[in-house]
Each structure stands twice: as structure tokens, then as C-alpha cells.
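Have a look at the structure below before the remarks.
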Amino acid sequence: MRRRAARPLLNDAHPLVPYAYLLPHAALFLVFIAFPVGYGLWISLHNWNPLESASPWVGARYYLALLSASTPEAEYFWNALRNTVLFTVLSVPLLVGVSLALALQLQRPIFGRALLRAIFFAPGILSVTVMGLLWKWMFQNQVGLVNVVLEQYLGRPTVNFLTAEGWAWVPLVVGSVWWGVGFNMTLYLAALSNIPHALYEAAELDGAGSWARFRFITWPMLTPTTLFVGVTTALGSLQVFGQIQLITGGGPARGTQSVIGYITEEAFTNNNYSSATAMAFAFGVLMLGLTAAQFRLMTGSLREPSFTARERRPSRWALALTRAWHAVSTGWEWVAARLPKLAPRRSRRAVTARRRPWGNAPRFVLLALQALLFLAPLYWMLSTSFKPEIDTLAQPVQWWPARPTLDNYRDVLSNPDTNILRWTLNSALVALLTTLLTVALCVLTAYPLARMRFRGREGWFWFLLTSLMVPGIVTLIPLYIMMIRLNWIDTYHALLWPALPGVFGVFMLRQFFAAVPRELEEAARLDGANSFQILWRVLVPLSVPALVTLGVFAFMGSWNNYVWPLYVVHGDTQTLPVGLALFSGRYVTDYGKLMAGTAVAAVPALLVYLLGQRYLERGLTVTGLKD
């Protein structure tokens, strides 16, 4: 009897092929995101204690306690919530406004534009530890750069920004704007590059000035991006933690303590895990409106996969913008018809200005001054790191080290108590593994969601996206308890595995894969390629900008991670951001060594950005985040 040839377990025609692609990411997602949400809810309804085996049921007691003004926990929670909202109200308008202003200035070609964009984006690459220590030094009483300028150049008395009530918000807001404006600027630049230049030319021929073009063309076209940037920035500001801990420590008298700062204090300092988890869920419910808005903005512009044949109707935004532009054009025609001499004269002046070689000089000078303001903190950090300890406190201030020395770097790198080289190695190892595995998992997951049809595809994709509505603080405590149960505290496992099932990367690559022409895949199939060969030989080479963008984000997220490693690793497995924060406590007044350690921590992140910067904006553009 003739035996049949052995067939592979799964081929492209097998209905389980899409699920095989999804399985690795789905398993990690269920274990480290979905399960902790349910487990956290269980903890908040029980009196859980790590030292006791029994966890009695308490129901909604911890939730009801937050509504009672008689408990100190409720008082501290609502005080922290007010502080968090105040920080958000102060910082978000500046983060959105400054990033939009920079993007508008960098939209048109100008000498050194690539360098200027890199300068404005670079602070966002730094870890929250570097940012916090740097701005704490900038606002130090008497010797900080800000107080030096106030006293020696403006003739004003110094201000104790870090401990004076009310003034403590200044370094927090200014440092956060400096740190976060670059990413928003890049999103705006990607959106501006998508506006048809013909609209500006038509408006200019009709005599529209710069303000009219911005009001009637640029701003309406940027409204979806502005909504996305504003909501995303607000969500990030509401979850502020690191910079407050490092700059003010939550003081003075809990005057700047954030919600996450108080929840982590209640859990990891006071050991009230159930109460802290209830606070985390209550905070998550309060944030639900913003997270739902972000979810709507991210999913409202989802592209259909290329194999969908039906035509899509124009969106409400497109119709509204078309009508608005029609009204603007009609209005300018009406003005031009009644003022025939005025409009041509404006048009000629505008065209002439574009041809003048010196027409960009004022804009370049303005951008150069802004770039110097962004570089000033980094220069002050480097300048201080090369000064002996006595010179860091010298009056008048030394803008350039009078006696430059490398002793600070030698002490930082050779001191066995700081062990900064081991911290750097730990962070690099975890960041590299996280980047490689995250990119691989997201590619395998995004491919079937974008290019295959199978039962449950849309449901699973939307289920993944809904996890974006869950703030990280909701899963922090349950994940920590899971690490205890798994005996993963002080191991690399605790740093690596919970960071892998990210959803943002799946969403980004799914957007890119769905936009690839279907004809390329069909041609590969005619040549005998299977699904994995199509993925590896067709989609992956075309996706280099998106993959590099995702890789940079994954590396930066792991390298700069502060909250999670602060509680799960210590000693030999400690990472650089956490070690540097503890290092600041050792050299609290030796600013030369403190800034040398900060500079060492900043260099690897800046190098990664310089290597991947040319792909970053292109990656944001092609993956649909510009919409």
C-alpha cells in the first residue's frame, strides 16, 4: 500500500494558521495584562496581606472609605488628585502650544532644520531620572542656574523653588515641557507634511496672509492631530510620578504629591495593598473619560485592510474641512472682487518675499534662540560635571570650568558603592532583549490582523485596543504580587516579560501592513511563497521605517523605565534609572559627581536616537499616527 507523503502540521490553507501567529503575543497579553486587571479587582475586594495566608472578603469597604472625609487615606488621596489635576492643567496647554509653535517654524525648509529638530526632540529621549536630577540642579537655591540668572543678571532675589509653597510647581512644569515637547512636535510635523501644498498656493494667490492661511487651512487640518496630542498628553500628565519624586519629593507638605505617588506609598511603604489597589481602580475610573477619548481618536481613523473592496464614505472631518475650505475660497473671491488692487499687491509681495535669500533670517534667528534655551540645561549639566566640587558652588558662577577635571567621572565609574557600570549593563541587556522580542511579537500579531481573514479577527483586535484604556497603575500592584508568587523579584524576568505584550506596537504595525498594496502579496503567492515568506520577504522590508520607529520606542521605554524597576529589582539586577536616583541620595550636595552620573546615563539614549532619527518622523507618518 502506498504511503502518503508527510504534510506540514499547518499550511496556509489550514484555518489555525492565523491563530498560530497570534498565539505568542496573546498568551503574554492574557497573563501580564488581562489577568492582572481581574486579579487587582479581587485584591481590592479582599484584605490582602503578604504575611497572612487568609484574605478575608471586605467588599467595597476600601472604595467607600475614599468617599469618607474622616479617614487620612481619603484626605491624602483627594489632595493628591487635586495636585495631579493642577499639574495637568498647567502643563498640557504649554506642551501642546509650544510643540505646535515649533512645528510651524520648522515646517518650511530652513538652514540647519534637521539639526534644530534633533535638538528639540533630544530631551524626550532622556530618562525621567536624568530629567528630574537635571532640573532639580537647575532650580537649586543660590547655585542653580535659574537663581544665578535671577540674582546676578536680573537683580532679583533668589527663590527656593524646590521647597517654597506654590513655587515648587515651576520646576515641575518647566522641566516637563522641556522634556515632552519634542515628541508632540514630531507628530505635528508629520501631520503638516500631509497637508496639500496646493491649498496654500491657492490661498496665497487669493491674497491670504500668514494668519489667514493658518486659521483657515492649517488649523482645521491639524484639529484631529491636536485632539490626539492633547488627550494623550493629558493622560501622561495625569499619570505623573518620576519627575515629582525626583525634583520635589512630593513636597512641601504633600503640596505636589501625585496620585500615583500616594498609591505607591500606600502599597509599598505602608503595606496597605488592598487599599492602594482600590485607589488605583478608582483613579482609573476617573480617567475613563480621557482614555475613552484617546481610544476613539486612535481607532477613528483605522484603515481597512487592502483586500476590502467596498468604498468608504468620506468622514465627517473630511466633509467639514471641504466645506470650510469652500467657504474660505468663496470669501476671498468676494474680497478680491471688491478690492481688485489690494489682493494682487499682497500676492506679489508674498511671492517676492519667498524669493529673497534673506527672507528666512528672522525665523532662523528665532529658532536658534529657542534651540539655545533647550540646550542650556544639557550644557549646564556637562559644565558642572567637569568642575571640582568647590567650583560648583563658586560665586560668581563659572559658565565654563576654570579648572576642568575628569575626577568626577573617574569617581563615578570606579566607585564600588555606586556600581554604575553594572546598572548600565543591566539596562542595556534588558532594553535590547525587550526591543527585539517586542518587535518580533508585534510583527507576528499585526500580520494576520491586517492581511488575513479568520473568525474572531475584529473581536480580538478591538479587545487588544480596549486595554489601552487601562492606566498602568491599575496593574502595577497585581503584577508586583504576581512577581512575588513567581519568585521573580530581583530577577531579569520581572523586567522583561511584563514589558513584552504591548498593544501600541501592534496597532502601529497593523496600520502599516494594511496600507501595503494587495498586488504585492498576490504576486508573491504566484511565485509560490507561503504566508511566512510573504511576511519576511515582502512586508518586513517595506516596513523598515515603522519597525525602526517601534524599536526606538521599545528601547527608550525599557531603558528609561523607572516606576516598575523601582519596586521589583534591587542590588545586582538594579537598572540605571533607579540606581541613578539612589545615587543622587549619596551625592546630594556633590553636584559635580551627580551631574557626571547623569551625563553617563544620558549618552546611550542619545546615541540610539541619533542612529534612528531619520526613520522616526517617516515611521510616524506612514503608520497613520498623523491622522
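Please treat every number below as a calculation from the coordinates, not as lab data. Since we're looking at a predicted model, the values are computed, not measured. Glycine also receives a Cβ, built like all others from the backbone with ideal geometry; neighbour counts cover every protein chain displayed.
Between LEU393 and SER467, the simple label model (points 7 Å from Cα in the Cβ direction) yields a spacing of 5.1 nm.
Hey, how much of the P(r) for segment 347-480 falls beyond 19 Å, as a percent of Cα pairs?
On the way: 6997 of 8911 pairs.
Summing the P(r) of segment 347-480 above 19 Å gives 79 percent of all pairs.
For the pair VAL603 and GLN152, a Förster radius of 22 Å applied to the C-beta separation gives a FRET efficiency near 0.10, rounded to the nearest 0.05.
ARG525 to LEU611: FRET efficiency via 1/(1 + (r/R0)^6), r the Cβ-Cβ distance, R0 60 Å, to the nearest 0.05? Walk me through the numbers on the way to the answer.
Values: r = 35 Å, r/R0 = 0.59.
Computed FRET efficiency for ARG525 and LEU611 comes out at 0.95.
Distance between the 7 Å Cα→Cβ label points at ARG363 and TRP42: 6.0 nm.
For the pair segment 538-595 and segment 393-456, the centres of their Cα atoms are 4 angstrom apart. In a DSSP loop and with at most 10 other Cβ atoms within 10 Å, there are no chymotrypsin sites (Phe, Trp or Tyr not before Pro) in segment 117-181. Charging the Cβ of each Asp and Glu at -1 and of each Lys and Arg at +1, and nothing else, the dipole of segment 110-233 about its Cα centre rounds to 180 debye.
Using 1/(1 + (r/R0)^6) with R0 = 56 angstrom and r between the beta carbons of TYR492 and ALA202, what's the FRET efficiency to the nearest 0.05? FRET efficiency, TYR492 to ALA202: 0.45. Counting Lys and Arg as +1 and Asp and Glu as -1, what is the net charge of the other residues whose Cβ lies under 12 Å from the Cβ of GLY571? After counting each charged neighbour, the total is -1.
Taking 0.36 nm per residue of separation and subtracting the current Cα-Cα distance, fully stretching the chain between ARG254 and PHE111 would add 46.8 nm. One-quarter of the Cα convex hull surface for segment 225-284, in nm²? If you wrap the Cα atoms of segment 225-284 in a convex hull and average its projections, you get 4.8 nm².
Since only THR549, GLY502, VAL538 are under comparison, the one whose Cα sits farthest along the positive direction of the charge dipole of segment 491-550, derived from C-beta charges on Lys, Arg, Asp and Glu, is GLY502.
Classify segment 359-428 as rounded, prolate or oblate from the Cα gyration tensor: take a ≥ b ≥ c as the square roots of its eigenvalues, call it rounded if a/c is under 1.5, otherwise prolate when a/b beats b/c and oblate if not. Oblate is the answer for segment 359-428, as a/c is 1.5 or above yet b/c matches or exceeds a/b. Taking a ≥ b ≥ c as the square roots of the eigenvalues of the Cα gyration tensor of segment 169-214, is the shape rounded (a/c under 1.5), prolate (a/b larger than b/c) or oblate? Because a/c hits 1.5 or more and a/b fails to exceed b/c, segment 169-214 counts as oblate. Extension gain, ASP590-THR269: 0.36 nm per intervening residue step, less the Cα-Cα distance, totals 112.8 nm.
What number, in nm² with one decimal, is the all-direction average of the projected area of the convex hull of the alpha-carbon atoms of segment 455-524?
Numbers: hull surface 29.0 nm².
Average of the hull's projected areas for segment 455-524 equals 7.2 nm².
Over segment 154-274, the hull volume per residue, using the convex hull of the C-alpha atoms, is 155 Å³. The modelled label-to-label distance for the pair PHE214/ASP572, using points 7 Å beyond Cα in the direction of Cβ, is 5.8 nm.
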